[in-house]
Amino acid sequence: MIANNGRLKIAIQKSGRLTDESVNLLRACGLEFEFSKQGLYSPCKNFDLDLLSLRDDDIPEYVQDGVADLGIVGENIVREKRARVETLAQLGYGSCRLMISVPQRSSIRTIQGLRGKRIATTYPVILSQFLRTNRLKADIVELSGSVEIAPTLDVADAICDLLSTGTTARMNGLRPLHTVLESEATLITNKKSLQEKRKKDLIDRLLIRVSGSLQARGKRYMMMNAPASAVPRLKTIIPSLKSPTVVPLAEEGMVALHSVIAEDVFWDVMEKLKKAGASDIIVVPIETIIQ
Ligand code: ATP
Ligand code: ZN
């Protein structure tokens, strides 16, 4: 039995696609804890919070019922379970799409073509909402896994299943037809936890850290030296740089420039900066950005 000891409880996926990034996010928030994929319960040493490791499917309901105050889970599961929870933040990982696909050789070309057909899925709630919204009548074949083989077994004419964002490969001879839901990992809570002052304060503190880590994600801190005369040119090269920090150096006419830069454009930008006169370019990781 887990004590109701006034500490926050956050439910994360025990072992699966969201586990590593959820643990990393909490560590990036400065939380110290030991995590093992076998354990149920990991107390945090330097924050009044305990981690509960659960199957992702159970997380929305446990948060709704107050067994956990917070949870990290895909929006797809929250929607499917129709959980009464509040979303505090989108976390930017675990991106996927719930998609309807048909066999390559199928004559179904549009969602209208799904009328009267059989669609296999592990997401009957979301799929039936989608069909209702689009005024389509179709048979939902509810499965608990391996949905992609349903057309081959002739138990369905189409499937509605999750695909990682950016997956373009044709899966199992299937052709994507329509995206029903785009999902990513989300941080959820319940009304009751937000109403308890002590818990609300802890949640607010944690949220500041979470948004700081999310802000810092994919960003680097860049420093370089340059002749003062090159600054206007350098400013046009560095994207998203409204106002760099410019510090004079001891050497006459030279300055140091500091700025935050997105890591995916860094190499490109770095070459241009060098050409424009920058030297001694240093790039360091950023842990958090509190605005
Ligand atoms: P559990 O044992 O906890 O029930 P699971 O097998 O149901 O795990 P995973 O496959 O680990 O779940 O997926 C967890 C979540 O990761 C999904 O609910 C979804 O939000 C997200 N996700 C991201 N990409 C994919 C993908 N390609 N396929 C399935 N889920 C994905
Ligand atoms: Zn699951």
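For this structure, a couple of remarks:
- Test for residue 100: is it within 16 Å of ligand 2 (Cβ to nearest atom), in contact with a Leu (Cβ under 7 Å, 6 or more places away or on another chain) and of a type outside the set (S, T, N, Q): no
- Highlighted here are the helices (runs of 4 or more DSSP H) found entirely within the stretch 191-237 that include at least 1 residues which are under 23 Å from the mean Cα position of the chain (by Cα): 191-195, 197-216.
- Scanning the stretch 188-209 for residues that are touching a helix residue (DSSP H, G or I) at 6+ places or on another chain (Cβ under 7 Å) and open to solvent by 10 Å² or more (accessible area, probe 1.4 Å) turns up 194, 199, 200.
- For the stretch 115-139, a tally of residues being surrounded by 16 or more Cβ atoms within 10 Å (Cβ to Cβ), in a helix (DSSP H, G or I) and among the hydrophobic types (A, V, I, L, M, F, W, C) returns 4.
- Residues of the stretch 102-117 classified as farther than 18 Å from residue 133 by Cβ and either among the charged types (D, E, K, R) or in contact with a strand residue (DSSP E or B) (Cβ under 8 Å, 6 or more places away or on another chain) (or both), total: 7
- The stretch 263-286, residues that are within 16 Å of residue 216 (Cα to Cα) and touching a helix residue (DSSP H, G or I) at 6+ places or on another chain (Cβ under 9 Å): 283, 285, 286
- Going through (1) buried (at least 18 other Cβ atoms within 10 Å of the Cβ); (2) part of a helix (DSSP H, G or I) one by one, residue 112 falls short only on (1).
- Near pairs, Cβ below 7 angstrom, 6+ apart or cross-chain, from the stretch 37-66 (among the hydroxyl-bearing types (Ser, Thr, Tyr)) to any residue that is within 16 Å of ligand 1 (Cβ to nearest atom) and modelled with pLDDT under 95: 42/35; 53/39; 53/40
- Just one of (1) more than 17 Å from residue 94 (Cα to Cα); (2) out of contact with any Leu (no Cβ under 9 Å at 6 or more places or on another chain); (3) away from ligand 2 (no atom under 16 Å from the Cβ); (4) not hydrophobic (A, V, I, L, M, F, W, C) fails for residue 81. It is (3).
- Test: residue 185 is farther than 19 Å from residue 17 by Cβ and open to solvent by less than 50 Å² (accessible area, probe 1.4 Å): no
- Selection status of residue 157, open to solvent by less than 70 Å² (accessible area, probe 1.4 Å) and outside the structural domain of residue 63 (by TED's automatic domain parsing): yes
The values are calculated or read from the model by the stated rules, or taken from the named source; none is laboratory data. Just so it is clear, the model here is predicted, and its values are computed rather than measured. Cβ: placed from backbone, ideal geometry, glycine included. Neighbour counts: every protein chain shown. The area values use the complete protein model at the heavy-atom level, side chains included, leaving out ligands, DNA and RNA. Shrake-Rupley method; radii C 1.70, N 1.55, O 1.52, S 1.80 Å.
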